[in-house]
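Working notes for the structure below.
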Amino acid sequence: MCGRYVFEDPEALSELARDLVGVDLPGFTPRFNVTPSLSMPVIASAEDGAIRAATMKWGLVPFWEKSDKPRLAPINAKSEEAFPKPMFRQSIQKRRCLVPADGFYEWQKLEGDRKQPFVIRLKGGRPFFFAGIYESATDVRPETFLVFTTKPNALVAKIHNRMPVILPDEMAKRWIAPGPMTPEQLVDFTGSYAAAKMEARPVSVLVNNPRNDSPELLAEVD
């Protein structure tokens, strides 16, 4: 599960997008607690082969849903279900996207009902891309997206049983390239990112409240 992520350094994230795929992200202020239903920058591979930056709403609404109040809008999908589930099968072929971030949150279960939030990042705070898919806008809603998840690496496994698919730079360029994808090719993209290149630290439960959005959320706690 990846239910919150960090968009702390828009300039560094835009520079990464420019270097890797030749597009600039739309102007955005830092976000320290990106929550579902927010509109965020995404790099999309269009069906005509063009690569573009766009602003999309987090929570994928399937193409067949016509209502302005959809019943389904998942923020995540298991990468293992990208082909078996009809909801994702078309998008994985035609509408892949990169979701820029420089961290994400997960919650470790403790005794009782307590949970300790952690922020998980690449070492040095390096920006990166999640692997995602998107759906086109309709008359009643904007474009929407979700993030794929995979099995955790050794670092994340101590905290949670899933982690988002983080794409190394060269894999990110291949992910966004237009064209079909087979289930076998998808497996190559969706392994867990190397634990040795990541770090995690416990942070304040202030992150639990989606209204909280400040650098304070990233401060380590005992």
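Scanning the range 192-222 for residues that are closer than 15 Å to residue 106 by Cα, more than 20 Å from the chain's Cα centre (by Cα) and among the charged types (D, E, K, R) yields a single hit, 220.
When you look at residue 170, is it over 15 Å from the mean Cα position of the chain (by Cα), under 17 Å from residue 99 (Cα atoms) and free of Cβ contacts under 8 Å to residues at least 40 places away in the same chain, yes or no?
Numbers: over 15 Å from the mean Cα position of the chain (by Cα): yes; under 17 Å from residue 99 (Cα atoms): yes; free of Cβ contacts under 8 Å to residues at least 40 places away in the same chain: yes.
Answer is yes for this residue.
From the list 77, 54, 44, the one residue that fits, being buried (at least 22 other Cβ atoms within 10 Å of the Cβ), part of a strand (DSSP E or B) and touching a residue at least 24 places away in the same chain (Cβ under 8 Å), is 44.
The residue of the range 121-145 that is nearest to residue 155 (Cα to Cα), among those that are aliphatic (A, V, I, L, M) and more than 17 Å from the chain's Cα centre (by Cα), is 137.
Against the definition (buried (at least 21 other Cβ atoms within 10 Å of the Cβ), of a type in the set (A, V, I, L, M, F, W, C), touching a residue at least 60 places away in the same chain (Cβ under 8 Å) and not in a strand (DSSP E or B)), how does residue 61 come out, yes or no? Yes: the conditions hold for residue 61.
Looking at the structure I just gave you, is residue 84 within 17 Å of residue 133 (Cβ to Cβ), part of a loop (DSSP other than H, G, I, E, B) and not aliphatic (A, V, I, L, M)? Give the derivation first.
Numbers: within 17 Å of residue 133 (Cβ to Cβ): yes; part of a loop (DSSP other than H, G, I, E, B): yes; not aliphatic (A, V, I, L, M): yes.
Spelling it out, residue 84 is indeed within 17 Å of residue 133 (Cβ to Cβ), part of a loop (DSSP other than H, G, I, E, B) and not aliphatic (A, V, I, L, M).
For the range 109-145, a tally of residues being outside any loop (DSSP other than H, G, I, E, B) and within 18 Å of residue 69 (Cβ to Cβ) returns 2. Within the set of pairs 6 or more residues apart or between chains, which connect a residue that is among the hydroxyl-bearing types (Ser, Thr, Tyr) inside the range 198-211 to a residue that is exposed (fewer than 14 other Cβ atoms within 10 Å of the Cβ) with Cβ atoms less than 6 Å apart? If the second residue must be exposed (fewer than 14 other Cβ atoms within 10 Å of the Cβ), the pairs left are 204/221. For the range 107-118, the criterion of being among the small types (Gly, Ala, Ser) and either over 30 Å from residue 222 (Cα atoms) or without any contact (Cβ under 8 Å) to a residue 24 or more places away in the chain (or both) is met by at least one residue. Filtering the range 160-172 for residues that are exposed (fewer than 15 other Cβ atoms within 10 Å of the Cβ), at negative phi and part of a helix (DSSP H, G or I) leaves a non-empty set.
Among the residues of the range 8-29, those identified as touching a residue at least 60 places away in the same chain (Cβ under 8 Å) and part of a loop (DSSP other than H, G, I, E, B) are 8, 9, 25.
For the range 192-221, the set of residues classified as among the hydrophobic types (A, V, I, L, M, F, W, C) and either assigned to a helix (DSSP H, G or I) or surrounded by 17 or more Cβ atoms within 10 Å (Cβ to Cβ) (or both) consists of 195, 196, 198, 200, 203, 205, 206, 207, 217, 218, listed by residue number. Screening the range 173-191 for residues that are in contact (Cβ under 8 Å) with a residue 60 or more places away in the chain and not hydrophobic (A, V, I, L, M, F, W, C) and picking the one that is surrounded by the most Cβ atoms within 10 Å (Cβ to Cβ) gives 190.
Computed from the coordinates by the stated procedures, all read-outs in this text should not be read as laboratory data. None of the values given here were measured: they were computed from a predicted structure. Note that each Cβ is placed from the backbone with ideal geometry, even for glycine, and that neighbours are counted across all protein chains shown.
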